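The values are calculated or read from the model by the stated rules, or taken from the named source; none is laboratory data. Keep in mind that what you see is a predicted model, and the values were worked out from it rather than measured. Using ideal geometry, Cβ is built from the backbone for each residue, glycine included, and neighbour counts are taken over all protein chains shown.
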Amino acid sequence: MKALDGKVVFVTGGARGIGRAICEAMAAAGAKVVVSDLNAEDAAQTAKAIDGLAVALDVTDFASITARMAEVEETLGGIDILVNNAGIFNMASIGKITPEDYRRQYDVNVGGTIFACQAVIPAMKRRGGGAIINFSSQAGRRGEPNVTVYCSTKAAVISVTQSLAKELAADNIRVNAVAPGVIDTPMWDVVDAQFAEYENKPIGQKKREVGEAVPLGRMGDPRDVADPCVFLASDAARYITGQTLNVDGGNWVS
């Protein structure tokens, strides 16, 4: 018997990168996986590869989140696990932060997490419990120059996780988070390009530097993050809630 046999997993931002790796790992563990993403075409490709269900979803459209969750519950009979992976990143020095960028990062990274949780909780209660996994970052553990907004959103996700874990414990709904470090995905190429601009470095140098600085000696692979998510979703983590698991090769020790 596999760790997640019979479970229904809803993953936001599931089409590419870490999200796709999570969908693949959850499916390999026996779950039926709902791949939700802003990019409907990529979501469909990922879902096809794992015999899952694809859902087009913008996590800033809160009415749509509720509607999609209801459709999935009707189609698959319920939702047992939610992975709030959808997120965006942008750099700006304090003098260049705009209200629009501030709102966008908070709407996706924090609002998307809160309102996806809000939408799925009734379905989990009807199933007698469930597991929620939110995505923070090592950037939520410490401040970094020129990333004020992003770091603050990821710190907020840790706080949201702790609060919801307390609130939902009586309903047998566990709420945990993961805080990845530097993970080698296409998104990190975007991050590298932004660092190159702000730190006046050649493209690729920042990415190489951060990989070499990791105590374990390399950038992470998306599967390095996906496997801990399977653990947190499974009964092996049945007595764990309110925690944020660092998945960063030793960058942050707590």
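Of all residues in region 228-249, exactly one satisfies the criterion of being surrounded by 19 or more Cβ atoms within 10 Å (Cβ to Cβ) and at positive phi, namely GLY249.
Being closer than 29 Å to LYS125 by Cβ, of a type in the set (A, V, I, L, M) and not in a helix (DSSP H, G or I) is a property that holds for ALA179.
Out of the residues in region 212-227 meeting the condition of being assigned to a helix (DSSP H, G or I) and surrounded by 18 or more Cβ atoms within 10 Å (Cβ to Cβ), tell me which one is farthest from the chain's Cα centre (by Cα).
Taking region 212-227 as the starting set, the residues that turn out to be assigned to a helix (DSSP H, G or I) are 212-213, 222-227.
This time we only want the ones that are surrounded by 18 or more Cβ atoms within 10 Å (Cβ to Cβ), so: 222, 224-226.
Numbers: PRO222: 12, ASP224: 13, VAL225: 10, ALA226: 10 Å.
It comes out as ASP224.
Tell me, yes or no, whether region 163-171 has at least one residue that is within 23 Å of GLY14 (Cβ to Cβ), charged (D, E, K, R) and in contact (Cβ under 8 Å) with a residue 24 or more places away in the chain. No: zero hits.
Mind listing just one residue for me: the one in region 143-181 that is over 18 Å from the mean Cα position of the chain (by Cα) and farther than 25 Å from VAL230 by Cβ and, of those, surrounded by the fewest Cβ atoms within 10 Å (Cβ to Cβ)? Checked region 143-181; the qualifying residue surrounded by the fewest Cβ atoms within 10 Å (Cβ to Cβ) is ALA170. Looking across region 124-146, the residues that are over 15 Å from ALA86 (Cα atoms) and either assigned to a helix (DSSP H, G or I) or modelled with pLDDT of 95 or more (or both) come down to MET124, LYS125, ARG126, ARG127, GLY128, GLY129, GLY130, ALA131, GLN138, ALA139, GLY140, ARG141. Among the helices (runs of 4 or more DSSP H) confined to region 1-101, the ones with at least 3 residues that are over 18 Å from the mean Cα position of the chain (by Cα) and more than 20 Å from VAL175 (Cβ to Cβ) are located at 40-50, 62-76. Among the residues examined, ARG208 does not qualify as loosely packed, with under 14 Cβ neighbours inside 10 Å and either modelled with pLDDT of 95 or more or among the polar types (S, T, N, Q) (or both).
Take the conditions outside any helix (DSSP H, G or I), under 17 Å from LEU57 (Cβ atoms) and touching a Ser or Thr at 6+ places or on another chain (Cβ under 8 Å) and apply them to ASN109. Does it pass? Outline the logic, then answer.
Values: outside any helix (DSSP H, G or I): no; under 17 Å from LEU57 (Cβ atoms): yes; touching a Ser or Thr at 6+ places or on another chain (Cβ under 8 Å): yes.
So ASN109 does not fit the description; no.
Is it the case that region 201-211 has a residue that's of a type in the set (Lys, Arg), in contact with a helix residue (DSSP H, G or I) (Cβ under 6 Å, 6 or more places away or on another chain) and closer than 29 Å to ASP101 by Cβ? Spell out how you get there, then give the answer.
So in region 201-211, the residues of a type in the set (Lys, Arg) come out as 201, 206-208.
Those left that are additionally in contact with a helix residue (DSSP H, G or I) (Cβ under 6 Å, 6 or more places away or on another chain): 206-207.
With the extra rule that they be closer than 29 Å to ASP101 by Cβ, the set shrinks to 206-207.
Yes, because at least one residue in region 201-211 is of a type in the set (Lys, Arg), in contact with a helix residue (DSSP H, G or I) (Cβ under 6 Å, 6 or more places away or on another chain) and closer than 29 Å to ASP101 by Cβ.
Of the residues in region 62-103, how many are among the hydrophobic types (A, V, I, L, M, F, W, C) and closer than 19 Å to PHE195 by Cα? Show your work before the answer.
Applying the first criterion (among the hydrophobic types (A, V, I, L, M, F, W, C)) to region 62-103 yields 62-63, 65, 67, 69-70, 72, 76, 79, 81-83, 86, 88-89, 91-92, 94, 97.
Next, from what is left, pick out any that are closer than 19 Å to PHE195 by Cα: 88-89, 91-92, 94, 97.
Going through region 62-103 one residue at a time, the tally reaches 6.
Here region 1-56 is the region considered, the condition is being over 16 Å from ALA116 (Cβ atoms) and of a type in the set (Asp, Glu), and the residue that is surrounded by the most Cβ atoms within 10 Å (Cβ to Cβ) is GLU24.
Pull up region 89-98, narrow it to residues that are touching a residue at least 24 places away in the same chain (Cβ under 8 Å) and surrounded by fewer than 18 Cβ atoms within 10 Å (Cβ to Cβ), then point me to the one that is nearest to ARG20 (Cα to Cα).
Start the filter on region 89-98 by keeping residues that are touching a residue at least 24 places away in the same chain (Cβ under 8 Å), which leaves 89-94, 97.
Checking the rest, the ones that are also surrounded by fewer than 18 Cβ atoms within 10 Å (Cβ to Cβ) come to 90, 93-94, 97.
Values: ASN90: 21, SER93: 31, ILE94: 33, ILE97: 31 Å.
Result: ASN90.
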